[in-house]
1. Give the long-range amide H neighbours of Asn304: residues separated by 5 or more places, or on another chain, with amide H under 5 Å away, using H modelled in the peptide plane at 1.01 Å from N.
2. Apply the Karplus parameterisation 6.51 cos²θ - 1.76 cosθ + 1.60, with θ equal to phi minus 60°, to every residue of the stretch 122-135 and state each ³J(HN,Hα) to the nearest whole Hz, in sequence, with x for glycine and proline.
3. Treat each spin label as a single point 7 Å out from the Cα along the C-beta direction, and report the Gln157 to Gln224 distance in nm.
4. Mind checking the stretch 102-175 for chymotrypsin sites (Phe, Trp or Tyr not before Pro) that DSSP puts in a loop (not H, G, I, E or B) and that have at most 16 other Cβ atoms within 10 Å?
5. Over all pairs of distinct alpha carbons, what does the Kirkwood formula give as the hydrodynamic radius of the stretch 59-346, in Å?
6. Reachable lysines from Lys51, Cα under 30 Å, same-chain residues fewer than 8 places away excluded?
7. Dipole magnitude of the chain about its Cα centre, charges +1 at Lys/Arg Cβ and -1 at Asp/Glu Cβ only, in debye to the nearest 20?
8. When only DSSP loop residues count, what chymotrypsin sites (Phe, Trp or Tyr not before Pro) in the stretch 376-429 have their Cβ near at most 12 other Cβ atoms within 10 Å?
Amino acid sequence: MRTLVKNGLIVTMDAKQTILKNGCILFEDDTITYIGQQTFNNEVDRVIDVKGNIIMPGLINTHGHSPMVLLRGIGDDLPLQTWLEQKMWPIERKFKEEHIYLGAQLAIIEMLRSGTTAYLDMYIFMDVVAEAVKKLGIRASLTRGIIGYGSNDEKEQKLKEAMSFAKRWNHQADGRITTMMSPHSAYTCSPDYIKEIVSAAKEIEVPIHIHMSETATEVEENRQNYGVRPVEHLYKLGVFDSQALVAHAVHVNTEEIGILKDKGVKISHNPGSNLKLGSGIAPIPEMLEKGITVSLGTDGAASNNNLDLYEEMRLAATLHKGVQQDPTVIPAEAALQMATINGAKGLFIDQHVGSLEVGKKADFIVMDRQQAHFHPLYNPISQLVYTASSADVLDVFINGQQVVKNKEILTADEEKIIYEVKRLAEQWR
Ligand SMILES: [Zn+2]
């Protein structure tokens, strides 16, 4: 099917950051075949007139644990380790498959409604998360997170499960799903176990995703236990020898940033979660200056407490200016890159998505610019970063399929899912 989306102010996020007034996008099935100002009349099957609204690439969330939406608001205002060990893990141990499926659907609805078209999910019971992704139409990089606690048998079982999941689901759901392997972190997995997971990832040719240097305590304990800081530790274990995406990297020094750059490690910056958990502020301007690919993540909704990438983008663009007392760091263009094309690079899917270009997949969103706060409109990129919010997202297309139309989810019964979540929360209260 050939679809024409016309009368858009198109922010492409291509290498030249091209912006087109009165532009149109033509896509055939899932792939963009034309972007420009040409007019097409009878040669298409479907025409969508966006009436001057902004068309931009969908946002990409490179770190999260979707079913944790069910824990939203439990145990706020606690430090990371206390929050994890005393609040999150005891409830998470009770999670059954049906809870994960429900939580994943709720999270995906929240993400789609706020303009996210691709996301990373590290959790357990990933088969049902993959089912939710398949059904709701989002694009995802999925990974069974491995926490190295338990007996040797249990650890072996977890590794097998993660590997077979990664093999089974890679490139499924019309190619929308890709997979990774994830040792949760250096503080929950022994060095030998991390090595095993890394060699498994190499064997099945998928990238590695891991939490790293999120808090100062974690770095200090790593030094006490292993004699080195987490970056050197993971470097020695071969984590960075394959494609690797690291979440947080809050407490990294200049030497470590050099190692991450040399090894081509991708970073997921999660400012909202890092601030809320009082973990610190990652040295993102220095990473960007060195040429590291930094993208944005929300982390789980229990530490954020939402999955809104517009918020993360604004935080990334303003937080570092305040910290460095320098308004020139992370300009709007860089923040929007972090939320789009860099996100695609972080998930290793940038040849398919992350910018609007011929040959890429039709993953884009339409932003309502008819409202007071969008006027006047001198610079669309500035407006998207400093003025817009997720409430302005009208329509969402992924792989050429419309999944949100005029703020309404087309692929799931939102009301029913919210009802079921409310019922579950009543039981848990
Ligand atoms: Zn996380």
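1. Here the answer is none, since no amide H 5 or more places off falls under 5 Å of that of Asn304.
2. Each residue's phi maps through the Karplus curve to give 10, 7, 10, 6, 5, 4, 6, 5, 4, 4, 5, 4, 4, 6 Hz.
3. 3.2
4. Tyr149
5. When all Cα pairs of the stretch 59-346 are included, the Kirkwood radius is 18.7 Å.
6. The reachable lysines, counting only those whose Cα sits under 30 Å from Lys51, are Lys6, Lys16, Lys21, Lys135, Lys360, Lys361, Lys405, Lys407.
7. Around 400 debye, computed over the chain.
8. Of the chymotrypsin sites (Phe, Trp or Tyr not before Pro), the ones in loops of the stretch 376-429 whose Cβ has at most 12 other Cβ atoms within 10 Å are Tyr378.
Throughout, read-outs are computed from the coordinates displayed, never taken from laboratory work. What you are looking at is a predicted structure, and each value in this text was computed from that prediction instead of being measured. Note: ideal-geometry Cβ built from the backbone for every residue, glycine included; neighbour counts use all protein chains shown.
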